[in-house]
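Read the structure below first, then the notes.
The values are calculated or read from the model by the stated rules, or taken from the named source; none is laboratory data. Predicted model, so just to flag it, every value in this text is computed and none were measured. Reconstructed Cβ throughout: ideal geometry from the backbone, glycine too, with neighbour counts over all protein chains shown.
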Amino acid sequence: MPATVILGGQWGDEGKAKVVDYLMRDHDVVVRYQGGANAGHTVVTDEGVFKFHQIPSGVLYPDTIAVMGNGMVVDPFAFLDEMQGLMQRGISLDGRLYISSAAAVVMPFHRLLDNLHEADLQGESIGSTGKGIGPTYADKYTRRGLRMGDFLLPKEELFDLVTRKVEYTNRVMEVFNAPAVSPHKIATDIINVRDLFAHFIADTQSLLHGFRADGRRILLEGAQGALLDIDHGTYPFVTSSSCSIGGAITGTGLAPGDIGRIVGIYKAYTTRVGNGPFPTELDDVDGASIRDRGREFGTTTGRPRRCGWFDAVAASYTVRLNGISEIALMKLDVLDGFDTVRVCTAYRTPDGETREFPQHATTLESCEPVYEEYPGWGGAASKARSFDELPPEARRYVEALEEMIGARITFVSVGPDRSQTILREPAYSFDTAGGTD
Ligand code: GDP
Ligand code: IMO
Ligand code: MG
């Protein structure tokens, strides 16, 4: 069976992890392919709330194999914390987690650089999570970075390598008049912990092709969302990775033909955390109400998320960009109780109305949303367990979105729990019997 990709269609935090966890029951292998600890992925089960940052969200099933792909930027210290947190809750990753030897390494100084860059931008900062993501990808692309495989070097060689990297970074830090960091301390810290994770490091590209050949069912878990993509998002207010479909290929080493379903995750409204244009943002009581009901506070930073109505122009753009074959519409319950709900169907620009999502953030900044209004629903979407049990107005809202964005909504989420999930035809069925692959 070809791999399934789950990716965010908006500005992140769409509820990707809930869908990963849900679909994991029909898959064997879960792979993160880009980003790093900037991600905050929440799964709610009977055992409580789990928040994942670097470890793939599908690991709650004990037989799942988890892979952290080459497109990721891996912070080894944060990884160890996350792994220990899971172990304390009885979840062991031994023998079933692999970290790509080609994944870039986030060093402690990358976090410092992230904050220095942000401070330097002053009023125009990105609103980064401060996890060192941008500086680590920058080092990758200037070919100066460390890769996870470097941790397998003999001790002295690794010590020298890390020392040289820190010395270089100290020269960069001088530009910001920032105090130098100690090469000796960082190299020693790395040597001290590397045996705790070295056994997870592997050639994951080759492993994944092996899993494919063995008929194991692979689920690729995107982080962030397509509007934060380094190439196709609202640059410069984006993250530094490919969080649209291309990243699933480059970040794993799988081939395009290895991909089957591409499931786009969208909230029934829109949120954004950090800075940058957001045409449907609500700076009023409705926005505050969505934030309260949706508990829209960052999983990684705790920052309040900016909230607004569903933007069908942006959503159509990311459906097309990613070749999304089906949609999971999340958090419909958060709109329970509104008298009316609105959807942005076009942008009003100085040159007239458009349904094309502009390529430049400054152009998007000047776009005014054109809204269509839909009646709200009195009943609780959160109580429905089938599409027919949804209040009729909520059903109409889902169908209207589907028509506007041109993709089938096959999964409607009406609460954080696994049980608060509605599947629509074509139902998710990953049974390989009779499949074409
Ligand atoms: P991700 O980064 O895309 O995985 O999403 P986050 O975990 O950052 O944020 C989604 C939040 O919404 C989490 O707290 C989830 O538990 C919660 N959530 C997911 N689906 C639903 C839903 O349908 N309704 C409600 N009310 N909450 C949901
Ligand atoms: P998940 O996977 C929402 C945002 C930050 C900032 C910009 C750049 O949980 O959906 P970075 O730290 O990457 O340099 O920040 O991107 N951002 C996210 N917003 N969800 C995320 O991840 C995000 N990861 C980064 O807020 O605006
Ligand atoms: Mg998140």
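Does at least one position in segment 331-340 carry a residue that is crowded, with 24+ Cβ neighbours inside 10 Å, out of contact with any Phe, Trp or Tyr (no Cβ under 6 Å at 6 or more places or on another chain), closer than 18 Å to Val19 by Cβ and not basic (Lys, Arg)?
Scanning segment 331-340 turns up at least one residue that is crowded, with 24+ Cβ neighbours inside 10 Å, out of contact with any Phe, Trp or Tyr (no Cβ under 6 Å at 6 or more places or on another chain), closer than 18 Å to Val19 by Cβ and not basic (Lys, Arg).
Identify the residue in segment 19-50 that is of a type outside the set (Gly, Ala, Ser) and within 19 Å of Thr204 (Cα to Cα) and, among all such residues, is farthest from ligand 1 (Cβ to nearest atom).
Ranking the qualifying residues of segment 19-50, first place goes to Asp28.
Considering segment 1-59 alone, what residues qualify as being small (Gly, Ala, Ser), in a helix (DSSP H, G or I) and away from ligand 3 (no atom under 14 Å from the Cβ)?
Answer for segment 1-59, where residues must be small (Gly, Ala, Ser), in a helix (DSSP H, G or I) and away from ligand 3 (no atom under 14 Å from the Cβ): just Gly58.
Please give the strands (runs of 3 or more DSSP E) falling wholly within segment 223-329 in which 3 or more residues are of a type outside the set (Lys, Arg) and either within 16 Å of ligand 3 (Cβ to nearest atom) or under 24 Å from Ala346 (Cα atoms) (or both). Lay out the reasoning, then the answer.
Numbers: elements: 259-267, 270-272, 306-308.
Qualifying strands (runs of 3 or more DSSP E): 259-267.
Among the residues of segment 6-18, count how many are surrounded by 24 or more Cβ atoms within 10 Å (Cβ to Cβ) and near ligand 1 (Cβ under 8 Å from one of its atoms). Please lay out each step first, then the result.
Step one: of segment 6-18, the residues surrounded by 24 or more Cβ atoms within 10 Å (Cβ to Cβ) are 6-14, 16-18.
Subsequent filtering for residues that are near ligand 1 (Cβ under 8 Å from one of its atoms) retains 8, 12-14, 16-18.
The qualifying residues number 7.
For (1) at pLDDT 95 or above; (2) within 9 Å of ligand 2 (Cβ to nearest atom); (3) farther than 21 Å from Glu402 by Cβ, each residue gets a yes or a no:
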position: Ile262; (1), (2), (3): yes, no, no
position: Tyr269; (1), (2), (3): yes, no, no
position: Val273; (1), (2), (3): yes, yes, yes
position: Gly276; (1), (2), (3): yes, yes, yes
position: Val285; (1), (2), (3): yes, no, yes
position: Ala288; (1), (2), (3): yes, no, yes
position: Arg293; (1), (2), (3): yes, no, yes
position: Thr300; (1), (2), (3): no, yes, yes
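Any chance you could count how many residues in segment 173-198 are part of a helix (DSSP H, G or I) and buried (at least 16 other Cβ atoms within 10 Å of the Cβ)? First the steps, then the outcome.
First, the residues of segment 173-198 that are part of a helix (DSSP H, G or I): 173-175, 183-198.
Still in the running and buried (at least 16 other Cβ atoms within 10 Å of the Cβ): 173, 183, 186-187, 189-190, 194, 197.
Adding up the residues that qualify gives 8.
Which condition from (1) within 28 Å of Phe211 (Cα to Cα); (2) buried (at least 16 other Cβ atoms within 10 Å of the Cβ); (3) over 21 Å from the mean Cα position of the chain (by Cα) is the one that Asp94 breaks?
(2)
Conditions (1) in contact (Cβ under 8 Å) with a residue 12 or more places away in the chain; (2) among the hydrophobic types (A, V, I, L, M, F, W, C), marked per residue:
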| residue | (1), (2) |
| --- | --- |
| Ala198 | yes, yes |
| Gln205 | yes, no |
| Gly210 | no, no |
| Arg216 | yes, no |
| Ile230 | yes, yes |
| Thr234 | yes, no |
| Val238 | yes, yes |
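Which of the residues that make up segment 365-395 are more than 30 Å from Asp351 (Cα to Cα) and not in a helix (DSSP H, G or I)?
Step one: list which residues in segment 365-395 are more than 30 Å from Asp351 (Cα to Cα), which gives 375-395.
Selection gives Pro375, Gly376, Trp377, Gly378, Gly379, Ala380, Ala384, Arg385, Ser386, Leu390, Pro391.
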